[in-house]
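*Asks:* One structure follows; several queries about it will come next.
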Amino acid sequence: MSFISRSSIFVRRATLLIGSIIGCVMIVMTVTIIKVADESNKTAARQQMHRLAVAVESELTKAQIELAMVASGHPAKFGIFGGNAGQEPFSENLEAAWTYFNFDEIYALDGRNGVVTGSSRGAPAGTLTFASIRPHVAHLVARVAHNRVSSEHHGQHRLLSPEFEKVHGASGLIQVRGGLALAAVVPFNPAQPWADDKQVLVAARMLDAAKIADLGRRHGLDNVRFQHQSAGDSTFAIPVTGAGETRIGHLAWDHFRPGSDMLPNLLLIVLTSVITIAIAFGVLFERLRRLGREMTKEEEKSNLLASHDHLSGLLNRRTFHERFAAELERCRRGHAGMALHMIDLDRFKDINDSLGHQAGDEVIRQVAQRISNVVRGADIVARLGGDEFAVVQVDTETTLEATALAERLREALTRPIMFGDSEMSVGASIGIALGPVGELDTEGMLKLADSALYEAKSGGRNRHRFFEHDGSSTNRMKQLVEEELRDAINNDHLELHYQPQVSADGLRILGVEALVRWRHPIRGLIPPLDFIALAEQRGLIVPLSKWVLKRACLDGRRWSGIKVAVNVSAAQFKQSGFVRDLIETVEATGFDLSRLELELTEGMIVEDEDKAERAISELREQGVSLALDDFGTGYSSLIYLRRFSFDKIKIDRSFLEAMETTGESAILLHSVVHLGRALGLSVCAEGIETQEQHRFLQAVGCHELQGYFFSRPVLASEIDDMLARAVPFPKAA
Ligand code: C2E
Ligand code: CA
Ligand code: CA
């Protein structure tokens with residue numbers, strides 16, 4: 001994975017992580033704040049309820065005390081009444097209860113709860129008016145009358161000063177005529193003549209809405225009100241119970257909710273801090289990302305330098321191998337195909353030599369550009385070194401597709417390149433290998449394409465060639481040894497052996513056939529059949545044949561009077577200038593052309609008869625003799641024998657092999673020899689291995705014999721020895 005994606009993934013992940021942490025913190029904080037606000041609302045409500053309860057309680061206590069003052073005549077002590085309570089008529093006290101203490105109604109009850117006297121808003125009142133409040137105060141009266149009023153019922157007695165504590169009484173909220181009222185009941189002064197021990201004073205003070213609200217206000221509560229029905233949150237409301245503990249309603253108020261008031265502010269603070277933190281992280285990440293990007297760029301730059309060729313800007317050899325290997329792997333997995341194009345510039349060396357390195361560099365740059373323009377984006381383009389380029393054409397199955405690209409490449413590279421005033425024309429040869437080929441790796445594939453390239457070049461340059469593979473493993477093996485063979489030719493690791501061609505009586509050596517071998521450092525001596533075909537395919541036959549011809553002529557110079565036969569391969573024979581090159585080479589060694597014999601096969605002639613005829617007549621003009629090799633295996637056409645003036649036919653070894661098993665072959669052999677003789681040709685039989693074969697062929701009239709019976713192919717020094725002996729093959733004599 002590249003650094004870019006690594007760093008961007010890191011940043012993305014980190015952002016996600018931090019983002020979710022911030023989100024979680026925000027949710028937790030919000031929930032906590034809401035919870036705290038709610039709690040503080042509840043606490044405040046509890047405190048407010050307590051306050052209201054205290055207010056009501058103190059109001060009740062106050063009423064109780066005031067009523068007690070009325071009862072005991074205490075108001076007189078404070079100058080409210082005219083004189084001593086005992087001396088003044090009590091009705092005045094009752095009036096004062098309205099005037100001074102604002103009790104709407106007040107009644108003195110005897111021991112049997114009968115109204116003794118009473119006053120309603122200062123006016124005398126009696127049993128009739130008391131009747132409307134009697135049921136509501138009965139429970140209070142009962143408690144006081146039976147002296148059961150205790151501190152347990154109303155805990156607010158602490159408000160009383162010690163002086164009043166001994167005064168017993170009861171008070172409570174009651175419902176009178178649909179409204180709320182404060183009721184107080186105290187024991188009445190027993191000193192009065194009409195009183196008995198059970199006398200009580202009952203008073204009620206109406207609490208209208210304004211008074212209730214005022215009471216609340218004085219204790220810092222808003223809109224305190226009496227409600228029959230519960231409205232809204234009744235958890236925090238003071239229940240009002242009447243006679244028999246029946247609930248008659250409750251006191252409610254507008255709750256002061258500090259939590260709710262605080263909530264928006266707190267949330268704002270949370271939001272602000274979260275945004276601030278997020279921005280801080282954002283900035284930090286942006287910095288990090290930028291840093292990452294810069295590092296990436298640096299890394300990319302250094303990667304580019306390491307993976308690309310600096311002159312052409314294309315991939316270098318190392319990176320090419322990596323990409324190519326990956327592509328091969330991809331193809332194998334996906335059963336897809338690709339084409340490897342090896343491109344070699346035809347005249348790069350000339351340009352470099354004549355116009356200098358700068359021109360050469362310019363050519364490389366231009367060529368790289370042109371190749372890049374011609375290929376598709378996914379194709380892999382590399383400069384492998386010097387003037388050698390490679391293109392991996394991906395997703396390519398057919399030679400048709402590959403040919404199309406090769407044509408485009410050649411066309412692009414043939415167009416002239418300008419350098420200063422000079423116009424250069426390079427041209428290119430292209431070798432193509434379609435792949436993948438079995439398990440062949442990049443090196444192997446390159447070798448295939450390279451051998452195709454070699455063929456393209458030896459085929460006359462500025463063309464493309466496909467590597468023809470039949471898929472056989474031996475072929476691939478051959479491919480891999482091709483380079484070694486080239487080295488062997490260049491470094492004289494080939495050996496030339498000679499096999500004598502003997503007169504029919506077996507007594508004289510008439511000629512020798514030069515047969516090549518390859519002395520391989522590891523595999524030992526390799527026979528020609530294992531590498532001649534390979535050399536032909538890979539375009540190595542020309543240098544190889546040249547080597548053989550030169551060696552044979554150099555050796556043959558000292559064997560005066562005998563012919564030196566050299567095998568010619570089909571590929572070599574096809575080369576234009578074959579005869580000229582051959583004559584040149586022979587003449588360069590000083591070997592006498594008339595002692596040279598070339599062994600050709602019918603296959604060579606069939607391909608282009610006219611051309612073969614011309615070549616043969618040219619050779620004959622130079623005095624070179626011609627032998628038709630392997631006669632009997634191919635067309636064995638009399639027409640060829642007549643039209644092309646051969647000097648000799650060489651009957652293939654297979655005739656002798658077959659003669660051992662069937663009598664027919666002997667007759668055939670007989671007639672072939674006769675045919676040759678009739679045409680005036682010299683007849684040579686190959687593959688004589690036994691005395692019997694020797695005798696037979698001598699008998700049927702063969703002119704020359706060749707085979708292991710006389711000698712295996714041997715080094716030139718052994719031929720020297722044989723020629724020096726009077727009887728070269730003692731066992732044949
Ligand atoms: P060829 O031209 O028919 O060569 C004769 C082959 O028969 C040689 O095999 C030789 O060793 C073998 N031979 C000779 N006498 C006997 C025998 O009594 N019994 C058996 N079993 N074999 C015998 P070699 O050297 O392996 O060459 C094989 C072929 O390779 C040759 O067939 C020739 O076509 C080709 N070749 C060899 N040297 C050259 C060369 O320098 N240039 C070219 N173009 N082809 C060559
Ligand atoms: Ca031969
Ligand atoms: Ca032969």
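The values are calculated or read from the model by the stated rules, or taken from the named source; none is laboratory data. Since the structure is predicted, the reported quantities are computational estimates derived from the model, not experimental observations. A quick note on method: Cβ atoms are made from the backbone with ideal geometry, for glycine too, and the neighbour counts reach across all protein chains shown.
For (1) charged (D, E, K, R); (2) within 22 Å of the chain's Cα centre (by Cα), each residue gets a yes or a no:
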site: ARG318; (1), (2): yes, no
site: ARG323; (1), (2): yes, yes
site: LEU328; (1), (2): no, yes
site: ARG365; (1), (2): yes, no
site: GLY385; (1), (2): no, no
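*Asks:* Right, here's the next one. Please specify each residue of region 599-657 satisfying the condition of being of a type in the set (D, E, K, R) and not in a helix (DSSP H, G or I).
*Replies:* Listed by number, the residues that qualify are GLU599, ASP608, ASP629, ASP630, ASP647, LYS648, LYS650, ASP652.
*Asks:* Which residues, counting only those in region 88-139, are of a type outside the set (Ser, Thr, Tyr), without any contact (Cβ under 8 Å) to a residue 40 or more places away in the chain, in a strand (DSSP E or B) and surrounded by 15 or more Cβ atoms within 10 Å (Cβ to Cβ)?
*Replies:* Matches in region 88-139: VAL115, GLY118.
*Asks:* If you don't mind, another one. Would you be able to tell me the number of residues in region 404-446 that are under 13 Å from ILE371 (Cα atoms), out of contact with any helix residue (DSSP H, G or I) (no Cβ under 9 Å at 6 or more places or on another chain) and not basic (Lys, Arg)?
*Replies:* Adding up the residues that qualify gives 3.
*Asks:* Which of the residues that make up region 271-324 are in contact (Cβ under 8 Å) with a residue 60 or more places away in the chain and over 30 Å from LEU17 (Cα atoms)?
*Replies:* Answer for region 271-324, where residues must be in contact (Cβ under 8 Å) with a residue 60 or more places away in the chain and over 30 Å from LEU17 (Cα atoms): ASP309, LEU311, SER312, LEU314, LEU315, ASN316, ARG317, THR319, PHE320, HIS321, ARG323, PHE324.
*Asks:* If you don't mind, another one. When both residues are 6+ apart or on different chains and their Cβ atoms are under 6 Å apart, which pairs have a first residue that lies in region 57-77 and is among the hydroxyl-bearing types (Ser, Thr, Tyr) and buried (at least 20 other Cβ atoms within 10 Å of the Cβ), and a second that is at pLDDT below 80 and in a helix (DSSP H, G or I)?
*Replies:* As it stands, the answer is THR61/GLN156; THR61/LEU159, since those pairs meet every condition given.
*Asks:* Which residues, counting only those in region 415-462, are in a loop (DSSP other than H, G, I, E, B), of a type in the set (Val, Ile, Thr) and in contact (Cβ under 8 Å) with a residue 40 or more places away in the chain?
*Replies:* To start, the set of residues in region 415-462 that are in a loop (DSSP other than H, G, I, E, B) comprises 415-416, 420-421, 425-427, 436-441, 459-462.
From the residues that got through so far, the ones that are of a type in the set (Val, Ile, Thr) too are 426, 437.
Correct list: VAL426 only.
*Asks:* Got a sec? Which of VAL673, VAL683 is part of a strand (DSSP E or B), more than 13 Å from ligand 1 (Cβ to nearest atom) and in contact with a helix residue (DSSP H, G or I) (Cβ under 9 Å, 6 or more places away or on another chain)? It would help to see each step written out before you state the result.
*Replies:* Details: VAL673 fails: part of a strand (DSSP E or B).
After ruling out the rest, the residue left standing is VAL683.
*Asks:* Mind checking which residues of region 622-654 are of a type in the set (Phe, Trp, Tyr) and within 15 Å of ligand 2 (Cβ to nearest atom)? Talk me through it step by step, then tell me what you get.
*Replies:* Of the residues in region 622-654, the ones of a type in the set (Phe, Trp, Tyr) are 631, 635, 640, 644, 646.
Within region 622-654, PHE631, PHE646 meet the criteria.
*Asks:* Here are the criteria: (1) within 15 Å of ligand 2 (Cβ to nearest atom); (2) free of Cβ contacts under 8 Å to residues at least 40 places away in the same chain. Tell me which single one GLN706 does not satisfy.
*Replies:* So the condition that GLN706 fails would be (2).
*Asks:* List pairs: first in region 487-500 and crowded, with 19+ Cβ neighbours inside 10 Å, second of a type in the set (Ser, Thr, Tyr) and at pLDDT 90 or above, Cβ under 9 Å, 6+ apart or cross-chain?
*Replies:* TYR498/SER711; GLN499/TYR708; GLN499/SER711; PRO500/SER711
*Asks:* Kindly list the number of the only condition in (1) assigned to a helix (DSSP H, G or I); (2) surrounded by fewer than 18 Cβ atoms within 10 Å (Cβ to Cβ); (3) touching a residue at least 24 places away in the same chain (Cβ under 8 Å) that fails for LEU529.
*Replies:* Checking LEU529 against (1) assigned to a helix (DSSP H, G or I); (2) surrounded by fewer than 18 Cβ atoms within 10 Å (Cβ to Cβ); (3) touching a residue at least 24 places away in the same chain (Cβ under 8 Å), the one that fails is (3).
*Asks:* So which of GLY459, GLY420, GLY471 ends up being modelled with pLDDT under 85 and within 21 Å of THR398 (Cβ to Cβ)? Don't jump to the end; show me each part of the working.
*Replies:* On the way: GLY459 fails: within 21 Å of THR398 (Cβ to Cβ); GLY420 fails: within 21 Å of THR398 (Cβ to Cβ).
The conditions single out GLY471.
*Asks:* Could I ask something else about it? So the check is Cβ under 6 Å with 6+ separation or different chains; which pairs have a first residue in region 505-521 that's under 16 Å from CYS553 (Cα atoms) and a second one that's within 14 Å of ligand 1 (Cβ to nearest atom) and in a loop (DSSP other than H, G, I, E, B)?
*Replies:* LEU515/PRO713
*Asks:* Moving to a separate point now. Condition check: under 28 Å from ASP450 (Cα atoms), assigned to a strand (DSSP E or B) and within 16 Å of ligand 3 (Cβ to nearest atom). Does VAL512 satisfy that? Talk me through it step by step, then tell me what you get.
*Replies:* Values: under 28 Å from ASP450 (Cα atoms): no; assigned to a strand (DSSP E or B): yes; within 16 Å of ligand 3 (Cβ to nearest atom): yes.
The answer is no for VAL512.
*Asks:* Given (1) in a helix (DSSP H, G or I); (2) at pLDDT 90 or above; (3) surrounded by 16 or more Cβ atoms within 10 Å (Cβ to Cβ), identify the lone condition not met by ALA326.
*Replies:* Going through the list (1) in a helix (DSSP H, G or I); (2) at pLDDT 90 or above; (3) surrounded by 16 or more Cβ atoms within 10 Å (Cβ to Cβ), ALA326 breaks only (3).
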